[in-house]
Structures are given as structure tokens and as C-alpha cells.
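Worksheet: the structure to be examined is printed underneath.
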Amino acid sequence: MSNSFKPMKTLSRGIIFLFLGIFSSCSSYKQATYFQDLSRVEPTKESVTNLSALKIQPDDVLGISVSSLNAEASAVFNFTSNINGVSESYGGYMVNPNGEIEMPLIGFIKASNLTTSQFKDAIRKRLIPYLKEPVVRVNVINFKVSVMGDVNQPGVFKAQNEKFTITDALTMAGDLNITAKRKIILIREVDQVREYIPIDLTSKNLFNSPYYYLKNNDIIYVEAGKAKYASIDQTYPKVGLLLSLISIAAFLLGR
């Protein structure tokens, strides 16, 4: 009788392991899913209330374009050479540690903690004595974000506009690997203060976060989950066992 139960025990164990595997894979799938609290059945709408204008900070490089009814007079204010220690590759004005830039004729002008729109208006007012009907454009041309950790293509990415978001950066990095945790860390420095901000990608609240829109020089760190190292952890014991067997075989053959 005992022998007749062996196939049944084996079958039962197989079924149990099968269910465990299914539940385990379902759990892993859920953990890897973005915006888990977002409806997959009906459209969802909400107001955007967390968009804040980018503010200029020291070490930002500003692209400033000036035009007026007198093209030759305007050209004096457009950055065309390597002055003030600014690299030609940027072709712009670098904001100094005091939060200022220096422009021809008008001298130093405060830029730090102003939006590009506010700074544009400040420059235009200072240019009125020199130009007739000046038009000014300002943008941060060294706006970049770093993405590191468990993503397909970690790197430093240049923002295309001031509304650059966490999802933009992660998409440019090729998205998270399946082994990555969906809770990431945003590292930000403002006014010589560094913040480490946890961000939960599994919740749609990401889109309402005050940190959803990125700032210049932000760093996104994506931590790898345990599954990333599971195969590595399993490899070491196998290698150790193989080496032991080779040693025993060599010993026996040498006798």
C-alpha cells in the first residue's frame, strides 16, 4: 500500500510547487507594475496643481537672445565668445556663485531664484536705455538630469524644455529593468542644501508630487531588487561545489 501512495505524494508535491510558482510570479508582476492605484477600466481626470516654474540657480548657464529695431546694437548683448570663464560649448552666460551674470553695458544683474520669464523682464528693463523696443529670450541651456542604477541605459540626459519630468528622465534612460524596485530616490541640491526624496512609482500620486517636475542637476537613483542578485547568489555555491568535486576527483585519480 505504501508504494501505491508514492506517485500520489509526488503528484501532490508537484501541484503545490506549481501553485507556489504561479502565486510568486503574480506577486512579482504586481510589484513591477507602475501606478497600481490607477483605474484600468475607466478614464481618470485630475487638475494639474503641482507645476512650478523652473528657477535659476548658481552655475546655471543661460542662453540669452536679444533683438531690437537696431540689429547691430542688439548684437552686443548676444553671447558670442568665451568670456567670464564660460565654455564656448555652452555659448551662454554662467550664473556666478552670487547668483548674478555680467552683461555688456548693463553690468551685473541678479538671476538666482528668478524664473526665466522674470529674468527676461528684468533684462529687458535694463536694456531700454540702450535699445529701442528690445525683445529678450532666456533659457537654461545646461539643464541636465542624471539617472543611475537599475535602468536599461543609465546616463546624463539633457532636458528639452523646462517641463522635464521624472517619467521623461526614466523613459530617456530606457525605463527601469524588471528587477528594479519601483520606489526610487531623487537627489536634489538647492541653495547648498541636498535632499534625498523617496518617490513611489507604484502610485499615481507621483503625478501630483511637488518633485514630479525635475530641476537642473537632479539625480535619480533606481535601486535593484533582490531578484537582481538572486542568480548571482545561487551561482557561488554551485561554483564552490564544482571546485570541491574537481578537488576530490583529482585526489582519487592521484592515489
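The values are calculated or read from the model by the stated rules, or taken from the named source; none is laboratory data. None of these values were measured; they are calculated from a predicted model. So basically every Cβ, Gly included, is an ideal-geometry build from the backbone, and we count neighbours across all protein chains shown.
Applying the condition of being surrounded by fewer than 16 Cβ atoms within 10 Å (Cβ to Cβ) and free of Cβ contacts under 8 Å to residues at least 60 places away in the same chain to the range 127-149 and asking which residue is nearest to the chain's Cα centre (by Cα) yields 128. Among all positions in the range 172-182, there is at least one residue which is assigned to a strand (DSSP E or B) and in contact (Cβ under 8 Å) with a residue 40 or more places away in the chain. Applying the criterion of being in contact with a Lys or Arg (Cβ under 8 Å, 6 or more places away or on another chain) and in a loop (DSSP other than H, G, I, E, B) to the residues of the range 185-224, the residue that is surrounded by the most Cβ atoms within 10 Å (Cβ to Cβ) is 218.
Across the range 69-81, which residue is modelled with the highest pLDDT among those that are part of a loop (DSSP other than H, G, I, E, B) and crowded, with 20+ Cβ neighbours inside 10 Å? Among those residues, the one meeting the criterion is 77. Inside the range 173-182, can you point out the residues that are loosely packed, with under 15 Cβ neighbours inside 10 Å and modelled with pLDDT under 95? Correct list: 178 only. Would you say residue 145 is touching a helix residue (DSSP H, G or I) at 6+ places or on another chain (Cβ under 6 Å) and not hydroxyl-bearing (Ser, Thr, Tyr)? Answer is yes for this residue.
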